[in-house]
Amino acid sequence: MPQMKRTPQDCPSRLPENTAVKQQQLPACRLQLSATGILSGFFATGVFCLGMGVILILSAKSSMEIEINYTKICASCAKLRENARNFDKECTCSIPFHLTQTMRGNVYMYYKLYGFYQNLHGYLLSRSNSQLLGTDVKDVETCAPFSKSHDGTPIAPCGAIANSLFNDTIILSYKLNSSVHIQVPMLRSGITWWTDKYIKFRNPSSSNLSSAFAGTTKPPSWPKPVYELDENDPGNNGFLNDDFIVWMRTAAFPTFKKLYRRLSRTQHFIEGLPAGNYSFNVSYNFPVTRFQGEKSVVLSTLTWSGGHSLFLGLAYTVTGAMTWLAAFSMMAVHLKLKGKRFSPDDKVKL
Amino acid sequence: MFCSEKKLLEVERKVKANDREYNEKFQYADNRIHTSKYNILTFLPINLFEQFQRVANAYFLFLLILQLIPEISSLTWFTTIVPLVLVITMTAVKDATDDCFRHKSDNQVNNRQSEVLIDGKLQNEKWMNVKVGDIIKLENNQFVAADLLLLSSSEPHGLCYIETAELDGETNLKVRHALAVTSELGADISRLAKFDGIVVCEAPNNKLDKFTGVLSWKDSKYPLNNEKIILRGCVLRNTSWCFGMVIFAGPDTKLMQNSGKTKFKRTSIDRLMNTLVLWIFGFLVCLGIILAIGNSIWEKQVGDQFRSFLFWKEGEKNSVFSGFLTFWSYIIILNTVVPISLYVSVEVIRLGHSYFINWDRKMYYSGKATPAEARTTTLNEELGQIEYVFSDKTGTLTQNIMTFKKCSINGRIYGEVQDDLGRKTDITKKKEPVDFSVNSQAERTFQFFDHNLMEAIKLGDPKVHEFLRLLALCHTVMSEENSAGQLIYQVQSPDEGALVTAARNFGFTFKSRTPETITIEELGTLVTYQLLAFLDFNNIRKRMSVIVRNPKGQIKLYSKGADTILFEKLHPSNEDLLTLTSDHLSEFAGEGLRTLAIAYRDLDDKYFKEWHKMLEDANTATDERDERIAGLYEEIERDLMLLGATAVEDKLQEGVIETVTSLSLANIKIWVLTGDKQETAINIGYACNMLTDDMNDVFIIAGNTAAEVREELRKAKENLFGQNRSFSNGHVVFEKKQQLELASVVEETITGDYALVINGHSLAHALESDVKNDLLELACMCKTVVCCRVTPLQKAQVVELVKKYRNAVTLAIGDGANDVSMIKSAHIGVGISGQEGLQAVLASDYSFAQFRYLQRLLLVHGRWSYFRMCKFLCYFFYKNFAFTLVHFWFGFFCGFSAQDVNDQNSMDYPQLYQPGQQNLLFNKRKFLICMAHGIYTSLALFFIPYGAFYNAAGEDGQHLADYQSFAVTMATSLVIVVSVQIALDTSYWTVVNHVFIWGSIATYFSILFTMHSNGIFAIFPNQFPFVGNARHSLTQKCIWLVILLTTVASVMPVVAFRFLKVDLFPTLSDQLRQRQKAQKKARPLHSRRPQTRRSSSRRSGYAFAHQEGYGELITSGKNMRAKNLPPTSGLEKTLYNSTSWIENLCKKTTDTVSSFSQDKTVKL
């Protein structure tokens, strides 16, 4: 059969462009490490991890931490708080303890809760950031189930987080001698994140706070409205209350500690907390036994890497040890097999 | 529904000509065809239904519904709906455009015009309006509109010629002839209009070479067979007009019945992904159940008391219900293991690879200005997994051009090009071809590089002259002069065309023929030979001869045929020449040329007269006529004088041999499926190195009945196992063997090389259920399989067979309409573009202009696509497991309350998918390893920060372990860990990789800081409550220590594992790659000419591509135009009356079929 031949036309538009990308010819280099490279990398990593672990452990050891669990010590108060109707009855409790060693440097006082699930899905979302920002006090949309009181008044601050605010007052007193008890001076400042205090939380603008919160009601578990949280310091009221801000930064785990006060290093306490007898005077308001939780007070000093936690140091040490172990076994295997299969500078592709 | 019911019912078709009312009773399909899937109304429901059949889409729809329930929704619903809608819309648009295209082509075909006889007049009608029973008129070079019963034609005796390339890929002309009674109708419209015959025939089927029916007309019945039927898709050639009656129309036509259904092609990775998604879903359900049970227990033990404190109403929910809700919430949260972005990314990667294919300059064919084209974007990685390639022959492996390459005349080879030193060289461009310009009749496209032949002609070597004379005389070619006075040959076998054209160029021009004479021009002088007898070709004789009387009065018998046959007929004096020629033939055959032996005999006048008398007697005899004639032919074709041999090249496409070789090195099996004859197919097999003489055995299956085929298959298998002692019980052992072989990487194959050749008739039986497995087993053990004489549907069936029972990935490559069904049914269909027909390309997934590009498509693009895709998926699953399971661990610490740890960061993620789309290489399916790896990483990611945060405080004494800081720490660790991981996984670092890997880390931090900035908080306080978080957390030394430790802990084991793996257990593919590298080095780059010499028993490559019976056509003059017919002379008049030769022809055609079985013992 006669073949119909299409005349070959020079059709440059159909010829693909000759660029490196289109022809998949980009200059490339290969990540190839020699066996020695990998092994030395392992050894170096091992050394680093071990060293870091030791440093971390040592520094953690150098810091001090005292934790006093007062759930059981203040059992009567706990019992009282189990019944919600006793909310207006005051209950205080004193927990004496002895500090055998001076806590040098900055001392921080924390409260620590056990078994309190601040990370529950429903709990975590039950807050209104726009209300806390002070732009719209009555914006309680996202606060269910604590958005409005029974009569329909919006709650300020709304939500389950705010409602469950930790409201114990803890005062540390130092027994200077057998008769003189002095209250250890504590600072409330600097316990919040700067961004929280100055950006995330704002009071509604108005001449005074009570009028700013007009038309709203207090959370059901609170004894006092939000603008009367701190009777001593008028600047510490409303959404800008430091303890409130700290509480609102929800914890990731059911066991957590939150910063309560910092030691003000004045008078007797310039060096830190001297050894001696102390007591915590707790005004016991926050019920924990109802959900089988516990609470305690923690006094702690810090190091460069943060708090008194051995975990990171141990983890580094273990990782370093494992890396070394792995490196040795790899080296053994490699040396044993090298003669068999590989030439010395055979590349290992990862 | 209706249609299929009707089809079930139809066992017999009854059609009355020119009677639409009558035919309408049966509700036969009309001539309209539909290949489109949808119309405007059905598009949306059908398309959506199809799309939601994809596991992934259904899964996301389900998730979406879950998210719409506020009780359990832990993520917002638009995170799912936006991508889902996007994905579905994109697919729908693509489907719609595809279908639009099909609508268009349907319309175009349906609206073609044809002349239909309506109400006694010829009217132009659209194809779609043609009905069964109509009589339509076809003109030369027109496509046939429907399956027709040929009634009459312009040619004498109701003959017509058709080309069936669309149906079976053969380009030679075929003859169809009308019944004598109907051919008398001629072009008489009024008589045709009165024609009211009733045809009763078989129901529509897909057998192209079979038709049975009966025409009842004027009280008599005439049997109908395939020879009277013109099928849709054929083209009328060399016939100015013909009339036909529509028997099957539209979807009932054999062409349409042969077209396989368009299937939605999926890659095996797709299927794997579907399974994995189901697994993962199951896994998610398990996790969900664990967490839900945990939640119930927690609610009962802790939450009950706790809730009273936290929530307004007490005892609102019970613990079981809470657990139930938690289950669904976790299903939503954990769905990020298989996020919809997986599917989007996979599609994007595939699209990218498709563009790389389109952009590849190495697959651009400048000859036809055709670049390679990836017509489907979804199958790329499958290209890297091909195990079987099914290839068409004509137009795919070969160019379908026959050229006269070499000849051996009287013991001397012509056509070999020698360089100055007298060594044989390949034909190069430098050599000047023989100049034929002196010869006015020369065909300009013909090229010959050996000047010696021309010189020999000029010197007047009598043997050379005789040789060329024979070529000019002994053939079935018809000549025609076109308007420019140029000779045009009508050939029905391209081989003959090549030989006659060669003779023409060397000065022996075949000019014209009548039933009794042949006129040739010998070096400028016209000579007319009297054609005394024509000893036609058939499959058993494998030769043809003419007996002519030259003007000098000498009677000569000229014969050409398969050497094996012809050499037996030679005169003993030829012995020396025979050895020499035999060597030459072996040489030709070794080069894959099709050979023919050429011989003549001088006949004594008296002897011939006697013989002719006997022939006449035999012809008039009633019994055993054929046997007697055959005997007489044998009698006269003896004591031949050998002249030499010819070698015709069935020109392979460029680079076919190299491609075939390298594909088989890549362990890809190539099967040739062709509509051509066995000899042709085998010849091509040798030509492109698929069959070699080194092969232990070539099995030929040519049985005609199921029992024969079974027996042959059994024997072949026995043979195969017999030669490999180790195979005691066949298949199982073989499989084991194969694995062993792979495992130990034994270089030499003990199995030896086998090849299987099977023809269409046997294949039809072999594809029956009980023999199917034997065939498959045998075929898969053979290195090469050649199927010849197969119909388009059989091609598809073979592909399906392998696909189904071998579970192998298949690729079909072809160029013509007859390959469409095969292309559609294979996993990947490749069309050769740049040809005339477009059907194959339109049906294909990839198209390019030359077979040789297959190598690059598979070995380069396919491999890359596959490796990259695997690596991407591995990495993706790893990353997502790492990322998602963190939630699972967190579940244990948050009262199983479906709190999500780092929801905000999931938005940062798309950047991280992108490195996966770049130059990554090599991996395997290691889903479980990835999963384990992911789980391990998630453990490290969760528990190291957890431990570190448990009792920690910040550097400023502040509370560190708040939820938001924890989330930021974990997200940052995650990003760094997975970035390090991808850096380790990246095989080749290009600019793009650097940009993406560093870029994604940079993007992460910039997004993190933006989202945690004061400004964005001021605008959207509720959406971005993370204000100041990044700043605060990331300035803490302790957090960086955590991140560092997490990274070390998650990456080190991986590095150690890989290091040890390479050392201890080098993978099979490692070894194979090394071996292949060595092979590649060893393999010379330049083309390797097959040097092996074949034993003479195998070398006859003569392809009798033409039908038997042409000799009779010529001697009877039936196929000559009236004007060509000489006035009836008293000379040797034809011996048969017109009906008898036609019967003869039909009978012979059926004989051809049976002869296959007879020569099955002949090893070619």
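The values are calculated or read from the model by the stated rules, or taken from the named source; none is laboratory data. Since this is a predicted model, take the numbers as computed values, not measurements. Note that we place each Cβ from the backbone using ideal geometry, even for glycine, and neighbour counts take in every protein chain shown.
Only residues that are surrounded by 13 or more Cβ atoms within 10 Å (Cβ to Cβ) and not in a helix (DSSP H, G or I): list them for the stretch A:198-211, please.
To start, the set of residues in the stretch A:198-211 that are surrounded by 13 or more Cβ atoms within 10 Å (Cβ to Cβ) comprises A:198-204, A:206, A:209-210.
The answer is A:F201, A:R202, A:N203, A:P204, A:S206.
Across the stretch B:303-342, what is the number of residues that are in contact with a Leu (Cβ under 8 Å, 6 or more places away or on another chain), at the interface with chain A (Cβ under 10 Å from one of its Cβ atoms) and modelled with pLDDT of 75 or more?
2
So if I check each of A:T195, A:T153, A:T169, A:T216, which one is polar (S, T, N, Q), crowded, with 19+ Cβ neighbours inside 10 Å and more than 9 Å from chain B (Cβ to nearest Cβ)?
A:T216
Against the definition (touching an Asp or Glu at 6+ places or on another chain (Cβ under 9 Å), free of Cβ contacts under 8 Å to residues at least 40 places away in the same chain and either surrounded by fewer than 18 Cβ atoms within 10 Å (Cβ to Cβ) or not aromatic (F, W, Y) (or both)), how does B:G1015 come out, yes or no?
Spelling it out, it is not the case that B:G1015 is touching an Asp or Glu at 6+ places or on another chain (Cβ under 9 Å), free of Cβ contacts under 8 Å to residues at least 40 places away in the same chain and either surrounded by fewer than 18 Cβ atoms within 10 Å (Cβ to Cβ) or not aromatic (F, W, Y) (or both).
Step by step: first the residues of the stretch B:375-392, then only those that are surrounded by fewer than 24 Cβ atoms within 10 Å (Cβ to Cβ) and outside any helix (DSSP H, G or I), then the one that is nearest to the chain's Cα centre (by Cα). Which residue is that? Spell out how you get there, then give the answer.
Quick first cut of the stretch B:375-392, residues surrounded by fewer than 24 Cβ atoms within 10 Å (Cβ to Cβ) only: B:375-378, B:384-385, B:387-389.
Right, trim to outside any helix (DSSP H, G or I) and you get B:375-378, B:387-389.
Numbers: B:R375: 14, B:T376: 15, B:T377: 18, B:T378: 17, B:E387: 13, B:Y388: 10, B:V389: 7 Å.
Looking at the filtered set, the residue picked out is B:V389.
From the list A:L209, A:L302, which residue is among the aliphatic types (A, V, I, L, M), within 25 Å of A:L133 (Cα to Cα) and touching a Gly at 6+ places or on another chain (Cβ under 7 Å)?
On the way: A:L302 fails: within 25 Å of A:L133 (Cα to Cα).
Exactly one residue qualifies, and that residue is A:L209.
Looking at (1) under 23 Å from B:W279 (Cβ atoms); (2) at pLDDT 80 or above, which is the one condition that is false for B:S345?
(2) is the only condition that B:S345 fails.
Here are some conditions: (1) within 10 Å of another protein chain (Cβ to nearest Cβ); (2) surrounded by fewer than 16 Cβ atoms within 10 Å (Cβ to Cβ); (3) hydrophobic (A, V, I, L, M, F, W, C). A:L176 meets all but one. Which one does it not meet?
(1)
Name the residue that is farthest from the chain's Cα centre (by Cα), counting only residues in the stretch A:115-132 that are of a type in the set (A, V, I, L, M) and buried (at least 23 other Cβ atoms within 10 Å of the Cβ).
A:L132
Please find, within the stretch A:282-327, the residue that is farthest from the other protein chains (Cβ to nearest Cβ) out of those that are surrounded by fewer than 17 Cβ atoms within 10 Å (Cβ to Cβ) and modelled with pLDDT under 90.
My answer is A:S283.
For (1) out of contact with any helix residue (DSSP H, G or I) (no Cβ under 7 Å at 6 or more places or on another chain); (2) of a type outside the set (D, E, K, R); (3) without any contact (Cβ under 8 Å) to a residue 40 or more places away in the chain, each residue gets a yes or a no:
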{"position": "B:M478", "(1), (2), (3)": "yes, yes, no"}
{"position": "B:G485", "(1), (2), (3)": "yes, yes, yes"}
{"position": "B:Y489", "(1), (2), (3)": "no, yes, yes"}
{"position": "B:A498", "(1), (2), (3)": "yes, yes, no"}
{"position": "B:F506", "(1), (2), (3)": "no, yes, no"}
{"position": "B:I518", "(1), (2), (3)": "no, yes, no"}
{"position": "B:Y529", "(1), (2), (3)": "no, yes, no"}
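Only helices (runs of 4 or more DSSP H) wholly contained in the stretch B:957-1054 count here; list those with 3 or more residues that are away from chain A (no Cβ under 11 Å).
Details: elements: B:963-985, B:991-1011, B:1014-1019, B:1029-1033.
In the stretch B:957-1054, the matching helices (runs of 4 or more DSSP H) lie at B:963-985, B:991-1011.
Among the residues of the stretch A:91-114, write down those that are aromatic (F, W, Y) and buried (at least 21 other Cβ atoms within 10 Å of the Cβ).
Passing the criteria: A:Y108, A:Y110, A:Y111.
From (1) touching a strand residue (DSSP E or B) at 6+ places or on another chain (Cβ under 9 Å); (2) closer than 29 Å to B:T394 by Cα; (3) surrounded by fewer than 22 Cβ atoms within 10 Å (Cβ to Cβ); (4) not aliphatic (A, V, I, L, M), pick out the condition that doesn't hold for B:C160.
So the condition that B:C160 fails would be (3).
Determine whether A:T250 is hydroxyl-bearing (S, T, Y), more than 23 Å from A:D88 (Cβ to Cβ) and either modelled with pLDDT under 90 or in contact with a Pro (Cβ under 7 Å, 6 or more places away or on another chain) (or both).
On the way: hydroxyl-bearing (S, T, Y): yes; more than 23 Å from A:D88 (Cβ to Cβ): yes; either modelled with pLDDT under 90 or in contact with a Pro (Cβ under 7 Å, 6 or more places away or on another chain) (or both): yes.
Yes; evaluated as a whole, the condition is true for this residue.
Hey, any hits in the stretch B:77-87 for a residue that's part of a helix (DSSP H, G or I), at pLDDT 85 or above and farther than 30 Å from B:K221 by Cα? Give the derivation first.
Start the filter on the stretch B:77-87 by keeping residues that are part of a helix (DSSP H, G or I), which leaves B:78-87.
Then keep just the ones that are at pLDDT 85 or above; that gives B:85.
Checking which are farther than 30 Å from B:K221 by Cα leaves us with B:85.
Among the residues of the stretch B:77-87, at least one is part of a helix (DSSP H, G or I), at pLDDT 85 or above and farther than 30 Å from B:K221 by Cα, which makes the answer yes.
Filter the stretch B:495-522 down to the residues that are part of a helix (DSSP H, G or I), of a type outside the set (G, A, S) and surrounded by 24 or more Cβ atoms within 10 Å (Cβ to Cβ) and list them by number.
Scanning the stretch B:495-522 gives B:D495, B:E496, B:L499, B:V500, B:T501, B:R504.
Just give me the residues in the stretch B:562-572 being surrounded by fewer than 24 Cβ atoms within 10 Å (Cβ to Cβ) and in a helix (DSSP H, G or I), in sequence order.
Matches in the stretch B:562-572: B:T564, B:I565, B:F567, B:E568, B:K569, B:P572.
Rundown of residues vs (1) in contact with a Ser or Thr (Cβ under 9 Å, 6 or more places away or on another chain); (2) crowded, with 24+ Cβ neighbours inside 10 Å; (3) aliphatic (A, V, I, L, M), yes/no style:
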site: B:C782; (1), (2), (3): no, no, no
site: B:V786; (1), (2), (3): yes, yes, yes
site: B:E800; (1), (2), (3): yes, no, no
site: B:K803; (1), (2), (3): yes, no, no
site: B:G816; (1), (2), (3): yes, yes, no
site: B:S821; (1), (2), (3): yes, yes, no
site: B:I828; (1), (2), (3): yes, yes, yes
site: B:K871; (1), (2), (3): yes, no, no
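Might you let me know whether the stretch B:876-883 holds any residue that is under 30 Å from A:G115 (Cα atoms), buried (at least 24 other Cβ atoms within 10 Å of the Cβ) and at pLDDT below 80?
yes
If we keep just the residues of the stretch B:356-374 that are without any contact (Cβ under 8 Å) to a residue 60 or more places away in the chain and polar (S, T, N, Q), which is surrounded by the most Cβ atoms within 10 Å (Cβ to Cβ)?
Only one residue fits best here, namely B:N358.
Which residues, counting only those in the stretch A:231-262, are assigned to a loop (DSSP other than H, G, I, E, B) and within 11 Å of another protein chain (Cβ to nearest Cβ)?
Let us first name the residues in the stretch A:231-262 that are assigned to a loop (DSSP other than H, G, I, E, B), namely A:231-233, A:237, A:241, A:249-250, A:252-255.
Hits for the stretch A:231-262 are A:R249, A:T250, A:A252, A:F253, A:P254, A:T255.
I'd like to check which strands (runs of 3 or more DSSP E) are fully inside the stretch A:30-124 and have at least 3 residues that are more than 11 Å from chain B (Cβ to nearest Cβ).
Correct list: A:65-69, A:92-99.
Answer with yes or no whether B:N807 is crowded, with 24+ Cβ neighbours inside 10 Å and either at pLDDT below 85 or under 12 Å from the mean Cα position of the chain (by Cα) (or both). Lay out the reasoning, then the answer.
Numbers: crowded, with 24+ Cβ neighbours inside 10 Å: no; either at pLDDT below 85 or under 12 Å from the mean Cα position of the chain (by Cα) (or both): yes.
Taking the combined requirement at face value, the residue does not satisfy it.
Going by the structure shown, is B:A630 in contact with a Ser or Thr (Cβ under 6 Å, 6 or more places away or on another chain), within 18 Å of B:I547 (Cα to Cα) and of a type in the set (G, A, S)?
In short, no.
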